[in-house]
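Single-structure report; data block below.
The values are calculated or read from the model by the stated rules, or taken from the named source; none is laboratory data. Quick caveat: nothing in here was measured; it's all calculated off a predicted structure. Cβ placement follows ideal geometry from the backbone for every residue including glycine, while neighbour counts extend to all protein chains displayed.
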Amino acid sequence: MKNHNLFSALWAAFPSDLSATAVETDEGLHYSWNDLDRATAMMANLFKSLDLPEGSRVAVQVEKSVEALMLYLATLRAGYVFLPLNTAYQSAEIEYFIGNAEPAVVVCSGANFGWVSKIAFKAGTQHVFTLNDDRTGSLLERATHHSDKHQAVPRQVDDLAAILYTSGTTGRSKGAMLTHGNMLSNALTLKDYWGWKKGDVLIHALPIFHVHGLFVAIHGALINGSKMLWMAKFDPKRAIAYMNQATVFMGVPTLYVRMLAEPSLNKAAVKNMRLFIAGSAPLLIETFTEWQERTGHTILERYGMSETAMLTSNPYAPDQRYAKQSERRGGTVGFPLPDVELRVRGDDGQNLPVGEIGGIQVKGPNVFKGYWRMPEKTAEEFTSDGYFKTGDVGKVDERGYVTIVGRSKDLIISGGYNVYPAEIEGYINEMLGVAESAVVGVPHPDFGEVGVAVVIAKPGVTVQPEAVLAELKAKLANFKIPKRCFVVAELPRNTMSKVQKNLLRDQYKALFLA
């Protein structure tokens, strides 16, 4: 019987020369494919020696390192469930995640062992290990005593491989349950769709507690047997310098903005590169265009979620099997991936015609199993015919390109009219002197809700709030115009560069209340 353990598929894609470099770090360390194989075997054997219950969760909150990557692979290999936790989470958040997931094993950095272990032991966790980004910690010390040979534990397509807690901008975070089959199907689809080939080298510049860096980037490189250039922390100068020995880069929009600020970014610097991919947050059309002009490369935008991994992508190259067009269109997230069904529905549950804005629903082998220990919430988020309601609002144009307009929870209903913040932000971002904007809805005694625009000016430029609103009035229906505009130094963001609109809503919620 075939073993559907995701690790087995990744391991089978390792190159025949196991002594070749699999990961090279920004500190000049080289890890071979053989190192990955042996270290993950030793960690998997350590877990086996603990006699953990079937389906045990391994919760991990550590700094980015190759050893942390090995820990993820070892958890898969041993047949347990990986639970990555953002390094920014503090004690109240960790207490919730550990209490909710009830992990059998917790791995944290040595510096946090005191408070994390206290929370873990109180919640009933039996084993707490440390792992630091300098190749030290009790996990590695214990693992060295175990064999470097290990057969991946057999798993079925539908068996749980990871739980990813969503960022929880509304209420408590939910644990999205991803299976071995979910992640392998997505990795294989993207390998084909993004044209991965022999000799590709990935610059890995993202955190590894999130779907983008952990699954899309790492699975992409491993399933292709590709070397990774590993950046523990993103540095724009170093990333650009790496490009003469790499072919693929994946980043959030902020990373592209930071590289555009470097004089060393030019066509010569990227002549070896094949593909630049952006995701996790909207890419401004200005960044898209400036990157094109400076480098001659067109950034490929795509769309995914913790619950689904990747759902859509702009095309990599002309290919009649996949796309009606071969153009990568800025401001869109491209087409549904080959194995994904996507539809846009109105509030009445009916499919909407081309170009109309509504709720995005998806179906496919990459779509998660449900929310951890939340059967009611899971049932609520799926339609009777098996589509997942993403909570994103968007439209599909006549050529099939998908555009995300915002989150349904960001929708502002002002005086009975639907107002989509992303539409207004698009107009503000095009204004002279504006670097970026965010529009949020706040309570209003007459209209129920009204928009507030929060704007960042470009360095050295003064932007007047009144001028922003006046320019909008010349372009948009009156009900869409924000009632107030504020110019600020920066917008609140999470670690994946997404603007935290919930914090802005909190900040301005009392603005119109007497």
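Please find, among Glu341, Glu293, Glu307, Glu301, the residue that is among the charged types (D, E, K, R) and over 22 Å from the mean Cα position of the chain (by Cα).
Only one candidate qualifies: Glu293.
Pick out the one residue from Arg302, Arg345, Arg294, Arg329 that is surrounded by fewer than 21 Cβ atoms within 10 Å (Cβ to Cβ) and touching a Gly at 6+ places or on another chain (Cβ under 7 Å). Full working, then the answer.
Working: Arg302 fails: surrounded by fewer than 21 Cβ atoms within 10 Å (Cβ to Cβ); Arg294 fails: touching a Gly at 6+ places or on another chain (Cβ under 7 Å); Arg329 fails: touching a Gly at 6+ places or on another chain (Cβ under 7 Å).
Going through Arg302, Arg345, Arg294, Arg329 in turn, just one is surrounded by fewer than 21 Cβ atoms within 10 Å (Cβ to Cβ) and touching a Gly at 6+ places or on another chain (Cβ under 7 Å): Arg345.
Could you list, in sequence order, all residues of the stretch 210-265 that are among the charged types (D, E, K, R) and not in a loop (DSSP other than H, G, I, E, B)?
Initially, the stretch 210-265 is screened for residues among the charged types (D, E, K, R), giving 227, 233, 235, 237-238, 258, 262.
Of everything in the stretch 210-265, those that are among the charged types (D, E, K, R) and not in a loop (DSSP other than H, G, I, E, B) turn out to be Lys227, Lys237, Arg238, Arg258.
Yes/no matrix, rows are residues, columns are (1) under 29 Å from Ile94 (Cβ atoms); (2) of a type in the set (A, V, I, L, M):
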| site | (1), (2) |
| --- | --- |
| Ser185 | no, no |
| Lys198 | no, no |
| Ala205 | yes, yes |
| Val211 | yes, yes |
| Ile218 | yes, yes |
| Leu222 | yes, yes |
| Trp230 | yes, no |
| Lys237 | no, no |
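Taking Phe382 as the residue in question, decide whether it is touching a residue at least 60 places away in the same chain (Cβ under 8 Å) and surrounded by 13 or more Cβ atoms within 10 Å (Cβ to Cβ). Before you say what the answer is, go through the steps one by one.
Numbers: touching a residue at least 60 places away in the same chain (Cβ under 8 Å): no; surrounded by 13 or more Cβ atoms within 10 Å (Cβ to Cβ): yes.
Taking the combined requirement at face value, the residue does not satisfy it.
Could you pull out the residue among Glu63, Glu67 that is farther than 22 Å from Arg172 by Cα and in a helix (DSSP H, G or I)?
Glu67
For the stretch 5-39, how many residues are in a loop (DSSP other than H, G, I, E, B) and under 25 Å from Glu102 (Cα atoms)? Please lay out each step first, then the result.
As a first pass, look at the stretch 5-39 and keep what is in a loop (DSSP other than H, G, I, E, B): 5, 13-20, 26-29.
If we keep only those that are under 25 Å from Glu102 (Cα atoms) as well, we get 5.
Looking only at that region, the number is 1.
Given the conditions (1) within 20 Å of Met228 (Cβ to Cβ); (2) assigned to a helix (DSSP H, G or I); (3) not polar (S, T, N, Q), which single one is not true for Met42?
Going through the list (1) within 20 Å of Met228 (Cβ to Cβ); (2) assigned to a helix (DSSP H, G or I); (3) not polar (S, T, N, Q), Met42 breaks only (1).
Which numbered condition trips up Gly99, out of (1) among the small types (Gly, Ala, Ser); (2) buried (at least 16 other Cβ atoms within 10 Å of the Cβ); (3) in a helix (DSSP H, G or I)?
Among (1) among the small types (Gly, Ala, Ser); (2) buried (at least 16 other Cβ atoms within 10 Å of the Cβ); (3) in a helix (DSSP H, G or I), Gly99 violates only (2).
For Pro253, state whether it is under 30 Å from Asp134 (Cα atoms) and surrounded by 17 or more Cβ atoms within 10 Å (Cβ to Cβ).
Details: under 30 Å from Asp134 (Cα atoms): yes; surrounded by 17 or more Cβ atoms within 10 Å (Cβ to Cβ): yes.
Considered against the rule, which asks whether it is under 30 Å from Asp134 (Cα atoms) and surrounded by 17 or more Cβ atoms within 10 Å (Cβ to Cβ), Pro253 comes out as yes.
Residue check, Leu76 against (1) crowded, with 24+ Cβ neighbours inside 10 Å; (2) assigned to a helix (DSSP H, G or I); (3) more than 22 Å from the chain's Cα centre (by Cα), all met but one. Which one?
(3)
What do you reckon, is Asp410 without any contact (Cβ under 8 Å) to a residue 12 or more places away in the chain and within 29 Å of the chain's Cα centre (by Cα)? Even if it seems obvious, please write down each step before you answer.
Working: without any contact (Cβ under 8 Å) to a residue 12 or more places away in the chain: no; within 29 Å of the chain's Cα centre (by Cα): yes.
Criteria not met by Asp410.
Report whether or not Thr390 is part of a strand (DSSP E or B), surrounded by fewer than 21 Cβ atoms within 10 Å (Cβ to Cβ) and not aromatic (Phe, Trp, Tyr).
Working: part of a strand (DSSP E or B): yes; surrounded by fewer than 21 Cβ atoms within 10 Å (Cβ to Cβ): no; not aromatic (Phe, Trp, Tyr): yes.
Taking the combined requirement at face value, the residue does not satisfy it.
Looking at Thr378, Thr383 in this structure, which one is among the hydroxyl-bearing types (Ser, Thr, Tyr), outside the structural domain of Glu423 (by TED's automatic domain parsing) and under 24 Å from Leu184 (Cβ atoms)? Lay out the reasoning, then the answer.
Details: Thr383 fails: under 24 Å from Leu184 (Cβ atoms).
One residue alone meets the criteria, Thr378.
If you check every pair at least six apart or on different chains, which have Cβ atoms under 6 Å apart with a residue in the stretch 226-253 that is on the phi < 0 side of the Ramachandran plot first and a residue that is in a strand (DSSP E or B) and surrounded by fewer than 18 Cβ atoms within 10 Å (Cβ to Cβ) second?
Between residues of the stretch 226-253 that are on the phi < 0 side of the Ramachandran plot and residues that are in a strand (DSSP E or B) and surrounded by fewer than 18 Cβ atoms within 10 Å (Cβ to Cβ), the close pairs are Lys227/Thr21; Trp230/Thr25.
Does Ala44 meet the test of being modelled with pLDDT of 95 or more and within 22 Å of Leu202 (Cβ to Cβ)? Before you say what the answer is, go through the steps one by one.
Working: modelled with pLDDT of 95 or more: yes; within 22 Å of Leu202 (Cβ to Cβ): no.
Answer is no for this residue.
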